[in-house]
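Colleague: The structure under discussion is supplied below as structure tokens; questions concerning it will follow.
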Amino acid sequence: MTEIAAPSPAGGSAPLSRKYWDQRDRKSALRFTVSIALAMAWVVFSIWLSLPWLSDLGDLSHPIVALFVLAFVAYVPGFMNAFLLFSLVFRPDPLRRTPAHWPSLSILIAAYNEEALIGETLRSLSELEYPGKLQIMVLDDGSTDGTADAVRAQEALFAGHPRMELQLVSERKNRGKARVLNHGLKLASHDLIVTIDADTLLEKGCLVSLVEHLHASPPETKAIAGSVLVANHDESWVTRAQQWDYFHGIAAVKRMQGMYNGTLVAQGAFSIYRKDALIEAGGWPDTVGEDIVLTWSLLRKGYKTGHAEDAVAWTHAPETFKGLAKQRKRWARGMIEALAIHKPLLKMRKLRTMFIWWNLLFVSIDLTFTFAFIPGLILALLGIFWLAGPITLLVLPLAALWNIVIYRIQTRMLKRNDIEMEKSLPGFLLYAFIYPLLMQPVSVWGYFAELFGGRKQWN
């Protein structure tokens, strides 16, 4: 259960051999197989234990209905929780290698009406400890507020800096996030592209971590997702719950996917890409979930995507439930877009293919929880255990265990990197017991909005 950065062979300059990567792939496949086997064993145990409930629910409704409900309320979530738990327990030590020469980076910041926060973001960029050159481009997408003036007000931070260059690229009218990012890609001078949101604050050493993780990754790796945490956790109860979602839920899933070179979202808020792969993929698509669709484009071409768990950035999370619901609705729509555009991924013979199916199963899980489990909870409070019975409690121990494991992993990572994060216990309780009941209906809302052609917008 240790998590210590592996030493950099030969000072990190010599390329690793194909034999080395083949050995790592075999170890990864072994971890995957063992985690699958243990997760399936848990599912078999759950089915055996739930047979009486399955029979009773079948008598009340129909055997097929009963099997569907139990599958997506207990069996499939149980499998997912078990696989996540065992993957985290068996995870390898993270590998970082220092390059012989620090590459230059082009940083793209898409901004629309970000007057209030863009200055703070640029100040965090000016304090970065990165040895290579940085081309920083703020892509102002036709803002109607003082975004451009706020950028100009920070020019003095970069004036005369030997390694940093700040550029403001202004559009006359709003064109959409994907289009301004693609414009920035054309203007980018360097072979490595970093994207951040206009409200993202960067830890001083985060770019060093991103580059070292990319340098230590297999040659086919074309994108690395950074680790994003919540900067404004104390603004409201909504942000306190999101703090734990980012610190636990999102972090755990990205670590797991990164273990198998299949991180499904190199999020626009903070990720690094190889420019040639972005161009080959056609850049960012004009979709609601442009970052997930782009990442799946890379996976579909046979490339690998990773996760840098200690490359930390801070985002400003939505402060109201309405804002959070709009964000998560957009995420849900992005997943449906990606599934519709990249259906061939479901047939690829790769370990990471399971995560694509995993996302597909989330549609059924969210629908079942919204229309069966939540009403079942209400009935259970009245003493009627038709839909939410004791077997559903089997999911709780697994969820508790992986939350304990990821808490230890994340806390140690922050300590190693001298990063402080205040933690809200009430926020965790809200995240653990109330948050999922609110977010799953929101996801269903997003699925229906995408299926029935709701209006698309990026901010």
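Colleague: Quote the charge dipole size of the range 105-347 about the Cα centre in Debye, to the nearest 20; the model charges only the Cβ of Lys and Arg (+1) and of Asp and Glu (-1).
Modeller: Values: 28 positive and 30 negative charges, 222 e Å.
That gives the range 105-347 a dipole magnitude of about 1060 debye.
Colleague: With everything on Cα atoms, drop me the angle between helix 353-368 and the longest principal axis of the chain, reported from 0 to 90° to the nearest 10.
Modeller: Its long axis makes an angle of about 60 degrees.
Colleague: Something else about it: Magnitude of the Cβ-charge dipole of the chain, K/R +1 and D/E -1, about the Cα centre, nearest 20 debye?
Modeller: Here the chain has a charge dipole of around 1520 debye.
Colleague: While we're on this one: In nm, to one decimal, how far is the modelled label at HIS62 from the one at ASP276, with both set 7 Å along Cα→Cβ?
Modeller: About 5.5 nm, to one decimal.
Colleague: Answer with one residue from GLN135, GLY205, GLN242: the one whose Cα lies farthest towards the positive end of the charge dipole of the range 105-347, charges on Cβ with Lys, Arg +1 and Asp, Glu -1.
Modeller: Highest projection toward the positive end goes to GLN242.
Colleague: Using Cβ counts within 10 Å as a stand-in for footprinting exposure, how do HIS233, HIS190, HIS213 rank, fewest first?
Modeller: HIS190, HIS233, HIS213
Colleague: Then there's this: Along the positive direction of the dipole of the range 105-347 (beta-carbon charges: Lys, Arg +1; Asp, Glu -1; about the Cα centre), which of THR221, ILE107, TYR273 reaches farthest?
Modeller: THR221
Colleague: Give me the dipole magnitude in Debye, nearest 20, for the range 329-459 about the Cα centre, with unit charges on the beta carbon: positive for Lys and Arg, negative for Asp and Glu. Walk me through the intermediate numbers first.
Modeller: Working: 15 positive and 6 negative charges, 124 e Å.
My answer is approximately 600 debye.
Colleague: Please give the residues of the range 199-215, grouped as numeric ranges, whose backbone N is less than 19 Å from a label point set 7 Å along the Cα-to-Cβ vector of LYS350.
Modeller: Hits in the range 199-215 for LYS350 at 19 Å: 214-215.
Colleague: Which of the listed residues, MET439, MET335, THR411, is farthest toward the dipole's positive end in the chain, when Lys, Arg count +1 and Asp, Glu count -1 at the beta-carbon?
Modeller: MET335
Colleague: Given the alpha-carbon gyration tensor of the range 194-330, what are the semi-axes of its equivalent ellipsoid in whole angstrom, ordered largest first, with each equal to the square root of 5 times an eigenvalue? Display every interim value, and only then the final one.
Modeller: Details: eigenvalues 126, 56, 33 Å².
Equivalent ellipsoid semi-axes, largest first: 25, 17, 13 Å.
Colleague: Still on this structure, I have one more. What does the helix-only formula give at 222 nm for the chain: each DSSP H stretch with n ≥ 4 adding -39500 (n - 2.57), the total divided by the residues, and the result rounded to the nearest 500 deg cm²/dmol?
Modeller: The helix-only estimate for the chain comes to -16000 deg cm²/dmol at 222 nm.
Colleague: Right, here's the next one. Can you list residues from other chains, or at least 5 along the same chain, whose modelled amide H is less than 5 Å from the amide H of LYS304?
Modeller: THR221, LYS222
Colleague: Pairs to check: LYS204/LYS254; LYS19/LYS133; LYS254/LYS275. Give those whose C-alpha atoms are more than 24 Å from each other in this structure.
Modeller: LYS19/LYS133
Colleague: Can you give the FRET efficiency to the nearest 0.05 for ASP93 and PHE448, using r as the Cβ-Cβ distance and R₀ = 56 Å?
Modeller: After rounding, the FRET efficiency stands at 0.85.
Colleague: With labels modelled as points extended 7 Å from the Cα through the Cβ direction, what inter-label distance (nm, one decimal) is found for ARG26 paired with ASP191?
Modeller: 3.1
Colleague: Could you pull out every one of the lysines with an alpha carbon less than 21 Å from that of LYS326, ignoring same-chain neighbours closer than 8 positions?
Modeller: Those lysines meeting the cut-off are LYS177, LYS456.
Colleague: Once the convex hull of the C-alpha atoms of the range 105-347 is built, how many Å³ does it hold per residue, rounded to a whole number?
Modeller: Spread over its residues, the Cα hull of the range 105-347 gives 118 Å³ apiece.
Colleague: Given a cut-off of under 8 Å on Cα pairs at least six residues apart, what relative contact order in percent is computed for the range 114-186?
Modeller: On the way: 91 pairs, mean separation 29.3, N = 73.
Relative contact order here is 40 percent.
Colleague: For helix 76-89, report the angle its Cα long axis makes with the longest principal axis of the Cα atoms of the chain; keep it between 0 and 90° and round to the nearest 10°.
Modeller: Computed tilt is about 50 degrees.
Colleague: Just want to confirm a number: the relative contact order over the chain, from Cα pairs under 8 angstrom separated by 6+ residues, in percent.
Modeller: RCO, the chain: 18 percent.
Colleague: Can you tell me what percent of all Cα-Cα pairs in the range 89-225 are more than 22 Å apart?
Modeller: Values: 3675 of 9316 pairs.
That tail contains 39 percent of the Cα-Cα pairs.
The numbers here are math on the coordinates, done by the rules we state, and not lab data. Quantities reported herein were computed from a predicted structural model and do not represent experimental measurements. All Cβ positions, glycine included, derive from the backbone under ideal geometry; neighbour counts span all protein chains shown.
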